[in-house]
1. For the range 167-226, with only Lys/Arg (+1) and Asp/Glu (-1) charged at the beta-carbon, what is the dipole magnitude about the Cα centre, in debye rounded to 20?
2. Would you mind ranking Met60, Met103, Met1 so that the residue whose beta carbon has the fewest other beta carbons within 10 Å leads the list?
3. Would you kindly derive the ³J(HN,Hα) couplings of the range 198-215 from the backbone phi angles with the Karplus curve 6.51 cos²θ - 1.76 cosθ + 1.60 (θ = phi - 60°), listing them in order in whole Hz, with x for Gly and Pro?
4. Say the cut-off is 29 Å between C-alpha atoms; which of Lys23/Lys45; Lys26/Lys94; Lys75/Lys115 go over it?
5. For the chain, with a Gaussian network of springs between Cα atoms less than 10 Å apart, report the residue from His100, His36, His46 with the top mean-square fluctuation.
6. Identify the trypsin sites (Lys or Arg not before Pro) of the range 146-227 meeting these criteria: DSSP loop state and at most 12 other C-beta atoms within 10 Å of the C-beta.
7. How large is the charge dipole for the chain, taken about the Cα centre, if only the Cβ atoms of Lys, Arg (+1) and Asp, Glu (-1) carry charge, to the nearest 20 debye?
8. I'd like to know which of Phe223, Ala202, Val179 lies farthest towards the positive end of the charge dipole of the range 167-226, counting +1 on Cβ of Lys and Arg and -1 on Cβ of Asp and Glu.
Amino acid sequence: MRIDILSAVPGLLEGPFSDSIVKRAKEKGLVEIVVHNIRDWSTDKHKKIDDEPFGGSAGMVLTIQPIADAIASLKSERAYAEVIFLTPDGEQLKQGAVNHLSMQGNLILLCGHYKGIDQRIREHLVTREFSIGDYVLSGGELAAAVLTDAIVRLIPGVIGDEQSALTDSFQDNLLAPPVYTRPAEYNGWKVPEILRSGDHKAINEWLEEQAVERTQALRPDLFEKDS
Ligand code: ADE
């Protein structure tokens, strides 16, 4: 899978993909992540990528030309399953959509900046729009990093222990059960006895119960949703 990220401030994306699981996935050749500067496609003599909004409201708007040319140039080289725009007014990102995207082909992620992007890009070039929460970031870059991380860890072979991604919170609409490690007792704080019993059937039942109880207590809304 290849993920191309189009940004006006690509420097913001230098860190998130150069460590840990995403770094290893790149090294294993399981994903290729390419961050592009939208400015590189600007045909303006000053490499301008934004302009004042029609109608006179405050803030600058990213113009169509550099973004349309960037997308066209990428599409001329390979096929893309989706062109995704990260925006606070997009569909709220959920694990179900992440699962789906991790099984698709290549993706283009478009990051907005300033006041936004020309609406015609959204209408004619973007195929899906996601928000990572009801708050406004300075741009879509951190949201693109969140989406990329969530997708990459699901690509087969990225996480060593295959079970591990399947037992994440939100898979099956349940929060993950609690986890413990050595020592079995610290300052009088004990690990639940059952986890040290060696009875795998009982342990699995307990973990399932814990997941249901935690979901009921912390996120009862998850029981009402199917993605
Ligand atoms: N860009 C700015 N805020 C955002 C958010 N909450 N989600 C996705 N993209 C954004």
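1. Working: 7 positive and 12 negative charges, 67 e Å.
Using Cβ point charges on Lys, Arg, Asp and Glu, the range 167-226 gives about 320 debye.
2. On the way: Met60 15, Met103 12, Met1 18.
In order of increasing Cβ crowding within 10 Å: Met103, Met60, Met1.
3. Along the range 198-215, the couplings run x, 8, 5, 5, 5, 4, 4, 5, 5, 4, 4, 4, 4, 4, 5, 4, 5, 5 Hz.
4. On the way: Lys23/Lys45 36 Å; Lys26/Lys94 24 Å; Lys75/Lys115 26 Å.
From the list (Lys23/Lys45; Lys26/Lys94; Lys75/Lys115), the Cα-Cα distance tops 29 Å for Lys23/Lys45.
5. Comparing His100, His36, His46 in a Gaussian network model of the chain, the most mobile one is His46.
6. Details: sites: Arg153, Lys190, Arg196, Lys201, Arg214, Lys225; in loops: Arg153, Lys225.
Counting only loop positions with at most 12 other Cβ atoms within 10 Å, the trypsin sites (Lys or Arg not before Pro) in the range 146-227 are Lys225.
7. Numbers: 24 positive and 35 negative charges, 120 e Å.
For this selection, approximately 580 debye.
8. Final value for the positive-end residue is Val179.
Bear in mind these aren't lab numbers, they're just calculated from the coordinates by the rules spelled out. Since the structure is predicted, the reported quantities are computational estimates derived from the model, not experimental observations. No Cβ is skipped: glycine too gets one built from the backbone with ideal geometry, and neighbour counts run over all protein chains shown.
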